[in-house]
Amino acid sequence: MSGRSPSWLTAPAVSGRRTPLQLPSALTHPLPVEVWAPKGLRAQTPAPLLWCHDGSAYVEQANVLQWAGAHIKDGSLPPFRLVLASPVHRMQWYSGSPLYLRSVDRAVDALRDRYAIERPLAFMGASLGGLTSMLVALRRPDVGAVLSQSGSFFWRQGPEVEWRWFDRVVRHADAIKAGERRRARTDLRVAMTCSRREGNFENNKAVQAALRSQGLRVDWRAVGGGHDYPSWRSALDPIWSNLLAETW
């Protein structure tokens with residue numbers, strides 16, 4: 001766990017409102033999300049949108065609403081909506097499920113019907129959520145920025161080999177490194193963080209190097225801490241806020 005507390009954690013922040021939604025999907029379950037918006041931002045007012053995988057965990061353990069509110073308050077980021085996505089079957093959905101990826105497409109369409117969304121979309125997540133955010137970003141041309149923290153880019157001899165969804169995750173990770181999961185585009189902005197102490201550190205390094213070789217701009221940070229939300233919280237700035245400011 002990182003021992004550092006980021007400065008935004010105690011900075012003045014705008015307040016916001018959380019709206020629970022059940023979004024359409026290609027799965028047996030709708031996608032349960034909450035949409036956070038800063039006070040005064042109406043549904044018909046155009047604003048950027050950031051989708052956060054494992055949103056409730058990011059809220060409870062990484063203070064992502066304080067992070068968003070502080071950056072809007074100080075003007076470093078424009079007012080934006082934050083989609084807090086909570087998986088019903090996390091391991092299945094976030095292991096590269098084709099049905100989940102198609103469900104995100106349907107959910108974003110539904111959000112566009114409900115809210116005025118401007119500028120490129122952004123996605124973020126950690127661990128399996130980091131892998132999933134990368135998969136979504138690489139396949140959708142309307143995504144301009146993605147953050148993967150300690151992404152689960154497993155290698156074939158990894159310690160998770162007995163896990164049910166291991167082979168599917170490995171196939172996706174290999175395909176990302178081979179350039180097989182993305183459209184012909186170079187405008188996607190990628191941010192990646194991973195602790196030097198993590199077992200998947202070297203494969204995260206390999207993924208960022210592969211994406212750079214494919215022509216993408218990748219902001220990479222090797223950080224301290226471990227595979228936990230306090231560490232991911234400490235690693236949000238400056239890499240993610242700076243990238244979003246440039247993208248939006």
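The values are calculated or read from the model by the stated rules, or taken from the named source; none is laboratory data. Just so you know, these numbers come straight off a predicted model, no measurement behind them. Ideal geometry is used to build each Cβ from the backbone, glycine not excepted, and the neighbour counts take in all protein chains shown.
Which count do you get for residues in region 109-128 that are closer than 25 Å to His89 by Cα and crowded, with 20+ Cβ neighbours inside 10 Å?
8
Out of Gln22, Gln44, Gln66, I need the residue that is loosely packed, with under 15 Cβ neighbours inside 10 Å and farther than 20 Å from Ser97 by Cβ. Which one?
Gln44
Among the numbered criteria (1) at pLDDT below 95; (2) surrounded by fewer than 21 Cβ atoms within 10 Å (Cβ to Cβ); (3) more than 13 Å from the chain's Cα centre (by Cα), which one does Trp93 miss?
(2)
Can you name every residue in region 82-96 that is in contact (Cβ under 8 Å) with a residue 60 or more places away in the chain and either polar (S, T, N, Q) or assigned to a helix (DSSP H, G or I) (or both)?
Correct list: Met91, Gln92, Trp93, Ser95.
From Ala210, Ala178, Ala173, which residue is closer than 22 Å to Pro87 by Cβ and not polar (S, T, N, Q)? It would help to see each step written out before you state the result.
On the way: Ala210 fails: closer than 22 Å to Pro87 by Cβ; Ala178 fails: closer than 22 Å to Pro87 by Cβ.
Unique residue meeting the criteria: Ala173.
Among Ala145, Ala173, Ala137, which is small (Gly, Ala, Ser) and over 21 Å from Pro48 (Cα atoms)?
Residue meeting the stated conditions: Ala173.
Only one of these is in contact with a strand residue (DSSP E or B) (Cβ under 8 Å, 6 or more places away or on another chain), in a loop (DSSP other than H, G, I, E, B) and surrounded by 14 or more Cβ atoms within 10 Å (Cβ to Cβ): Pro79, Pro32. Name it.
Details: Pro32 fails: in a loop (DSSP other than H, G, I, E, B).
One residue alone meets the criteria, Pro79.
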